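Laboratory data are not the source of any read-out in this text; all were calculated from the coordinates shown. Keep in mind that what you see is a predicted model, and the values were worked out from it rather than measured. Every residue, glycine among them, receives a Cβ derived from its backbone with ideal geometry; neighbour counts consider all protein chains shown.
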Amino acid sequence: MRPNTIVSVWIPSWLLFSALIFHPVATMGTEKSDEDQAAIARGKYILEHGSFLSPAWKGETWEKLKSNSKPIPPDAFQNETLAASVNNDPELRSRIRFGLHPAPFPNNNLPMGLRPAWTRDGRMKGLQIDCLLCHGGSIGGKSYVGLGNSTLDMVSFLNSMTRAENRTLPILTFNLNSTRGTVNAGQLSIVLFGLRYPDLTFRTVPINLGANLPEQDVPAWWNIARKSTIYLDGRTPGESSRSIMQFYLPELTEDQFSAYEPAFKDLLTYIRSIKAPKYPFEIDPTKAAEGKNIFEQNCSKCHGTYGENSSYPDQVVDLAIIGTDPERAKGVSDKSIDYYNSTWFGQVHKVDKTVPLGYQAPPLDGVWATAPYLHNGSVPTLYDLLKSDQRPARFIRPTTTDFENYDQQKVGWKVKRLTPTDQPKYQDSFQTRSIFNASKFGLSNQGHTFGDKLTDDQRHNVIEYLKSL
C-alpha cells in the first residue's frame, strides 16, 4: 500500500502519538538510573526529531499555506488592534487559525507537530505531522511538550494543507473533530485495525469492527507516571509498548514494527519523565490549606493525594457513579477488542474485557493548565466542574491560550456562553468551529457532580489547593 491516502498518511502519525498520552510509567519521584537517563535522552531526541512516516505533503506546503491563509475575523479578538497585529503576521495568523504552537525546541522553523519527513528510499523530503500536533500545547505564551493542544482544529489543518497542493480531499466515514481542541484518536485507531488481517497482511476491503467512539479532550502527558493502564477506560496493561505502535498499521510491516519497538520504549521513558508546570500566579496559602483538607476528605479516593507521601488509587470509576458522558467507554466493541488481541499487538499484553465500564479518574498534577475539563473537554473551568449547574451547554472557545483568556479565580478558560436560543451567524469556519456544543454525540457535560454539595467558599478553597498541584 502506498502512503498517499488519508488512512496511510494522515491517520497513522496522528494516531500513533495520540495514544501515548495514556501510557503508564514507573513510580513517580523515584531516582532514575544511568540506563533510564540514557533512555530519556534518546526518547527526547526521537520525540523532537524522529520521523517514522513517509511525507504527507511537499516541503514547501506550510509556507504556501501561510501565505494564502485567510485573515481571522476581527471580532474573534478582544480588540481591533490585536486582530490587526495577528492578521499582519502570516506565521502567527496561520498558527492561530489552525490552533498550532511554536516548538520549544529547534524544529526547522515549523510549528510544533509538523516536521520534515523522507520517503523510504530517502530521496524525497517533505512534511509530516507528529505527536506534538495534539500533545504539544501552550499556555500564557509558553509552549509545553505534553500539554494537550486545546486549540487544534485537526480537520481544518489537514484539509487546508491538502488544498494547498490542489489535491482532492479524502473522505472520512466518521467524525475526526467537530470543534477546536477535541480529537477522535480511538475511532481512528480501530479503523486502522480494519485495514489488516490478524496476521497484519493487508486487506483488499477493510472490515467493520463495530466500534463507535466520539471525539475527546487531549489529556496531559505529565500525569501518565502515576497510571498503570492505558486509555480512559483502563482496559489495556501499562506495560504494553506495542499498543502505542498500532497507528503505523497503514504503512509498516510486522518486521518493521518489531524493529521500531525499542525506539518507542525509549520514547515512553522520556514521556514518563515530563513534569507538570507550576502555577504561575500567587496562591493564597490559607485557602489552599483549607482546600487540601476538603479535597482529601472528598476527592482523594479517586484522584489520589499529593505532596511528600503522595498516592494514587489507579481505579476505574463505574459509569453509574461518575455519570459523565458514557459514549467513549461504551464505544469500544467486544469485536474490536478481540480483533486487537488476536494480532501481534495483543500477543504479550491483551486488552481486558472484564474491566467495568467507566473512566479512570486522572491524576491532577498541573490541573491548572489542562482546561477544559472532563474527558471530552466539555467544562471550561474547575469552578464549573465543581458546580454542575453552572456549566454552559454551548460556549465559544477563546481564540488563543494567552493569559488574557485565562480565569485565575475559576481556573480555566474564559469562554463566551451561548444560550440555547443563541444562533451566531458566522461566515468564517474559525468561529463556527470554535463553538462547543454539549448536545453532540459524546460531548455531554453531565456527571461528576461531587462538588455540588460544597459551599461556595469550600469550592474556591479546593480550587486554590488544586492550583498548587
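Annotations for the structure displayed:
- Remark: the Cα gyration tensor places segment 40-144 in the oblate category, a/c being 1.5 or greater and a/b not exceeding b/c.
- Other residues within the sphere of radius under 10 Å centred on the Cβ of residue 101, judged by their own Cβ, net out at +2 (K and R +1, D and E -1).
- Stretched out straight at 0.36 nm per residue, the stretch from residue 82 to residue 168 would grow longer than its current Cα-Cα span by 27.5 nm.
- Length added when fully stretched, residue 124-residue 37, from 0.36 nm per residue minus Cα-Cα: 27.9 nm
- Cross-link pairs 70/440; 70/125; 32/301; 301/453 - those with Cα-Cα distance over 18 Å: 70/440; 70/125; 32/301
- Segment 413-447 and segment 254-329: distance between their alpha carbon centers, rounded to Å: 28 Å
- Cα centre as origin, Lys/Arg/Asp/Glu Cβ charges: the chain dipole, Debye: 1040 debye
- FRET efficiency, 1/(1 + (r/R0)^6) with R0 22 Å, evaluated for residue 204 and residue 254 via beta carbons: 0.75
- Averaging the sequence gap over all C-alpha pairs within less than 8 Å and six or more residues apart, then dividing by the number of residues, gives the chain a relative contact order of 20 percent.
- Relative exposure of 406, 45, judged by other C-beta atoms within 10 Å (fewest first): 45, 406
- Which of 49, 349 has the fewest Cβ neighbours within 10 Å, and the rest in rising order: 49, 349
- With neighbour counts taken as other beta-carbon atoms within 10 Å, the residues 54, 243, 258 rank, fewest first, as 258, 54, 243.
- Largest first and in whole Å, the equivalent-ellipsoid semi-axes of the chain read 32, 28, 22, each the square root of five times a Cα gyration tensor eigenvalue.
- When the C-alpha to C-alpha distance is required to be over 18 Å, the pairs from 410/467; 44/265; 287/416; 227/265; 142/410; 142/227 that qualify are 287/416; 142/410; 142/227.
- Three semi-axes of the equivalent ellipsoid, segment 6-273, Cα gyration tensor, whole Å, largest first: 29, 23, 19
- Estimated 222 nm signal from helices in the chain, with DSSP H stretches of n ≥ 4 weighted -39500 (n - 2.57), rounded to 500: -8500 deg cm²/dmol
- Amide N of segment 418-451 lying under 19 Å from the label point, which is placed 7 angstrom from the Cα of residue 70 along Cα→Cβ: 424-436
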